[in-house]
Every structure is written in structure tokens, then in C-alpha cells.
1. Please pick out the residue among 57, 26, 81, 38 that is over 15 Å from residue 113 (Cα atoms), touching a strand residue (DSSP E or B) at 6+ places or on another chain (Cβ under 9 Å), surrounded by fewer than 16 Cβ atoms within 10 Å (Cβ to Cβ) and at pLDDT 85 or above.
2. Considering each of 86, 108, 94 in turn, give the residue that is loosely packed, with under 14 Cβ neighbours inside 10 Å, farther than 14 Å from residue 12 by Cβ and without any contact (Cβ under 8 Å) to a residue 60 or more places away in the chain.
3. Could we say that residue 114 is modelled with pLDDT of 55 or more, more than 15 Å from residue 30 (Cα to Cα) and crowded, with 17+ Cβ neighbours inside 10 Å here?
4. Tell me which of these residue 147 doesn't satisfy, since it passes every other one: (1) out of contact with any strand residue (DSSP E or B) (no Cβ under 8 Å at 6 or more places or on another chain); (2) modelled with pLDDT under 90; (3) closer than 17 Å to residue 11 by Cβ.
5. Here are some residues: 122, 107. Which one is modelled with pLDDT of 95 or more and in a helix (DSSP H, G or I)?
6. Return yes when residue 33 is within 17 Å of residue 121 (Cβ to Cβ) and surrounded by fewer than 18 Cβ atoms within 10 Å (Cβ to Cβ) and no when it is not.
7. Can you pull out the residues in the stretch 45-69 that are within 19 Å of residue 80 (Cβ to Cβ) and part of a strand (DSSP E or B)?
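The values are calculated or read from the model by the stated rules, or taken from the named source; none is laboratory data. The shown structure was predicted, so the numbers you read here are calculated from the model rather than taken from an experiment. Neighbour counts are summed over all protein chains in view; Cβ atoms, including those assigned to glycine, are modelled from backbone coordinates with ideal geometry.
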């Protein structure tokens with residue numbers, strides 16, 4: 001993972017989709033420039049129709065979180081290249097996720113600076129651990145200043161790996 005430049009906050013998003021029971025887990029991790037976790041958000045959603053629409057919803061929630069936290073400069077990272085590309089453009093989107101992309105486009109104007117970047121799934125270890133445990137526990141969590149106890153080791157490893 002790349003460190004955000006300047007005072008920007010990096011927000012990683014990831015969604016895990018379970019097609020058997022139409023239940024999905026949304027994971028959002030926000031870090032400061034030093035790589036420390038500022039907030040982690042884990043939500044369970046029921047009745048999600050497709051993985052593609054859930055990834056778009058997860059990205060939208062990440063952008064909303066940045067706005068709600070009052071951050072003016074953010075880098076939003078996710079492992080869904082298709083979603084990232086749609087967020088980087090200003091063209092109208094007529095796909096099945098068009099409403100989510102349109103909402104993201106409108107929210108972008110509220111930031112001083114917002115950048116969307118693709119990150120490999122392997123680089124998103126903390127979000128992955130959080131997703132697995134959230135699915136197992138069937139519990140929504142919002143934590144300010146860290147991650148759940150079961151993910152602290154991965155959080156520390158990723159923080160140490162963050163380049164200066």
C-alpha cells in the first residue's frame with residue numbers, strides 16, 4: 001500500500017459478497033499519512049443482488065465516510081478496477097451501478113482533493129481479515145482509532161510496511 005501524500009487520508013474499501021444467502025460485508029479502513037488506522041467500519045448488508053453493485057455501494061460508503069469525517073483530501077483505494085475506473089471519469093454511467101456512481105460523482109465536489117486508486121487484493125490484508133471475521137460473527141462494528149482485537153496483528157504489520 002502506498003502512503004497518502006501530504007495530509008491526505010487514505011480510505012481503503014472492500015466488499016465481500018455471499019451469493020448463496022445474498023448477504024455481504026462492507027469494509028472500510030481509513031489511515032492517516034503515517035499509516036495509522038483512524039477508523040474502521042464493518043457493515044453487514046442483506047438482500048444485495050450482485051457483487052458488482054455491492055462493490056459500488058462500498059465505494060460510495062467510503063466516500064461518504066470521508067465527507068462525514070470532515071476530511072478535505074482523500075485517496076480512495078479499492079481492489080475493484082472497474083469501480084475505480086468509473087469513479088475516475090466524469091461521464092454519465094448507464095450501467096447497473098449508475099446510481100451509485102452518480103452519487104459518488106456528486107460527493108466528489110465536496111472535497112478539496114479526491115483521488116481514486118486501484119490496489120491489489122493482496123495489499124488489502126486488514127480489510128480482508130475484517131471481512132472474514134465480520135461474516136463469521138454477523139456483527140457490525142465501527143471503531144475509531146483502530147481495528148478489532150482479532151485484526152490488530154495485521155494492522156500493525158501493515159502500518160510498519162507503509163513507506164515514508
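1. Numbers: 57 fails: surrounded by fewer than 16 Cβ atoms within 10 Å (Cβ to Cβ); 26 fails: surrounded by fewer than 16 Cβ atoms within 10 Å (Cβ to Cβ); 38 fails: surrounded by fewer than 16 Cβ atoms within 10 Å (Cβ to Cβ).
Only one candidate qualifies: 81.
2. On the way: 86 fails: loosely packed, with under 14 Cβ neighbours inside 10 Å; 108 fails: loosely packed, with under 14 Cβ neighbours inside 10 Å.
Residue meeting the stated conditions: 94.
3. Numbers: modelled with pLDDT of 55 or more: yes; more than 15 Å from residue 30 (Cα to Cα): no; crowded, with 17+ Cβ neighbours inside 10 Å: yes.
Judged against the criteria, residue 114 is not a match.
4. (1)
5. Details: 122 fails: modelled with pLDDT of 95 or more.
Among 122, 107, only 107 is modelled with pLDDT of 95 or more and in a helix (DSSP H, G or I).
6. Numbers: within 17 Å of residue 121 (Cβ to Cβ): no; surrounded by fewer than 18 Cβ atoms within 10 Å (Cβ to Cβ): yes.
No, not satisfied.
7. First, the residues of the stretch 45-69 that are within 19 Å of residue 80 (Cβ to Cβ): 45, 48-66.
Result: 45, single match.
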